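Chemist: Quick one: the structure is below, questions incoming.
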Amino acid sequence: MRLHWILGVLGFLFALAWAQFNPGPAGYYEQCRSLYQEQVLDGARAACELALVADPEYVPALKLLTRIRLEEGQLEEAYELLERLKERAPGDPTTAVLEARYLLAKGRAGEALERVAHAPGAEAVWLKGRALERLGRFDEALAAYREAALLGYREARLDAVRLLERLGKPEEALEELGRVDDPELLLVEGRLLWSAGRLPEAAAVLERALLELPSTDPGYDEALSILAAVYYGMGDVERGRLTLTQLSSRVNLLGAFLRASWLWLLGLVALVGLHLYGESRIEPISTLELRGDNTWGMGRLYGAVLLAWLLAAAVAAWLGWYLYQNWLAAFTPVQRDVVRPVFYLALALFLGLAGWSALRREDDSAPSVLGRPESRVEGFWVGLVLLVLLVGYAWLARALPVLNPFPFNPLLPLGALALASVGLAEPMLRLRAYDAYRVRYGGSLAPAFAVLLGGLVWFSPVVFWWAAGASLLGIRLRIGALWPALVGWFVLGLLAWASGFVPWVRALF
């Protein structure tokens, strides 16, 4: 009897020790869940994997491990886990939510919406809003975000605020945000006040955010950068300089500038290199060449372009101050969709004035450089080509972050007007500049020069302007008329405005 009692006690202690050191799938899952709540993802992932080693069919660990893989961006591993989960819990609402997260990460918003269209729960409603926003159905997305926020999903409220700002409604976004005390939300409030043009209030909120945010927080640098823009926008150069100096001690500003403008700088280097090559091909002469036509030289060409650019920049800066009391409105969210299109419109107008003399005939018997009036009809399909280039570039810029997004929203009325006005610069870029390069460097190099200059003039996104410039120059040389390009930009403006009513196109900008 005593032996049985001793063996029983020893068995109990052994079972207790085994349970302590090998807690089983449920124990490992609890460790995983606890670590996940503390955002220790590496530890949580390891604990969930141990739970599945103990029991490959343990669904709770499978769900949580799938979620962790998705948050870490490991989509292939998440897909394998998701397939296992769909076999073991096909009708579980969490399975639908996780599958929707995976589909959104893969860019398949339509399929993601199908998965959570009728799924219960706050997270499902929030994911529905995310999918609707990706599809360009902004009003429905906003309603879904608000519903998810009412159900207690914190991130949905911030997404509603972000979407309202994207729609150009910072004041409504501030109302949606409400009163905040959290340092991270103070940063959001400061950015919204900046977007709304309430610069003194934005400065006060951002100063408070900097006092409360730890210096190691990623939002600290963002707050500094916005605060510097606010100070400079108000004309407070001294405080702006001090804030920018503090930011430069934490962030490589030169590196950030190069990352943002590397394509433009690459084009500039290519243009300079092409000049050096072209000049090396010109044989030295000892006599002065006199020309009887109105072809410009390089100095006059670049002087006219630079003057037009400076005048347009001055117009944009003045407009920003006049409308928003913000000298840097062209670099401010929401406000830039007003100021930047005006910059492009003014630049096109000044370039048009500078290059309009290129349309004059050298004599009455010479054919018009505009071409025959019937060639205007060609402008309609040229406009379609430009629209394909515009939408294609917007899609490509979302897929390749190294490319710059379009500098303003071309689907808004003012943005569409700016696109239509680009045609005013065609006499300068497709006639005056091309002829100047052809006379100086020959017909073989002139197209490359003209295309490079056309992209650099409009600054960003140069890839789109280069593609459009090459297409228009090719059309002009093939048809021998400028009318298709002039009409094409006008048609593009109309088509861009009309495209604003197409949800999937609207989602790209």
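The values are calculated or read from the model by the stated rules, or taken from the named source; none is laboratory data. Keep in mind that what you see is a predicted model, and the values were worked out from it rather than measured. Positions of Cβ are backbone-derived with ideal geometry, glycine not excepted, and every protein chain shown enters the neighbour counts.
Chemist: Suppose the filter is farther than 26 Å from residue 399 by Cβ, outside any helix (DSSP H, G or I) and of a type outside the set (Gly, Ala, Ser); does residue 57 pass it?
Modeler: For residue 57, the condition - farther than 26 Å from residue 399 by Cβ, outside any helix (DSSP H, G or I) and of a type outside the set (Gly, Ala, Ser) - is met.
Chemist: Still on this model: Starting from segment 153-176, take each residue that is not assigned by TED's automatic domain parsing to the domain that holds residue 415 and list its partners that are part of a loop (DSSP other than H, G, I, E, B) and of a type in the set (Ser, Thr, Tyr), counting only C-beta distances under 7 angstrom and pairs at least six apart or across chains.
Modeler: none
Chemist: Can you tell me which residues in segment 210-235 are over 30 Å from residue 322 (Cα atoms), over 22 Å from the mean Cα position of the chain (by Cα) and hydroxyl-bearing (Ser, Thr, Tyr)?
Modeler: Once the filter is applied, which keeps residues that are over 30 Å from residue 322 (Cα atoms), over 22 Å from the mean Cα position of the chain (by Cα) and hydroxyl-bearing (Ser, Thr, Tyr), segment 210-235 yields 215, 216.
Chemist: Go over the candidates 432, 438 one by one and state the one that is without any contact (Cβ under 8 Å) to a residue 40 or more places away in the chain, farther than 27 Å from residue 109 by Cβ and touching a Ser or Thr at 6+ places or on another chain (Cβ under 9 Å).
Modeler: 438
Chemist: Test of understanding: among 483, 504, 465, 489, which residue is modelled with pLDDT under 95 and farther than 30 Å from residue 164 by Cβ?
Modeler: Residue meeting the stated conditions: 483.
Chemist: Take segment 72-110 and flag every residue that is under 27 Å from the mean Cα position of the chain (by Cα), of a type in the set (D, E, K, R) and surrounded by 15 or more Cβ atoms within 10 Å (Cβ to Cβ).
Modeler: Within segment 72-110, 99, 101, 108 qualify.
Chemist: If a residue counts only when it is touching a residue at least 24 places away in the same chain (Cβ under 8 Å), farther than 22 Å from residue 398 by Cα and of a type in the set (A, V, I, L, M, F, W, C), which helices (runs of 4 or more DSSP H) contained entirely in segment 443-509 have at least 3 such residues?
Modeler: Ranges flagged: 446-458, 462-479, 483-499.
Chemist: Cβ-Cβ below 9 Å, separation at least six or inter-chain, first residue in segment 380-408 and within 14 Å of residue 493 (Cβ to Cβ), second of a type in the set (Asp, Glu) and assigned to a helix (DSSP H, G or I): which pairs?
Modeler: Pairs found: 408/337.
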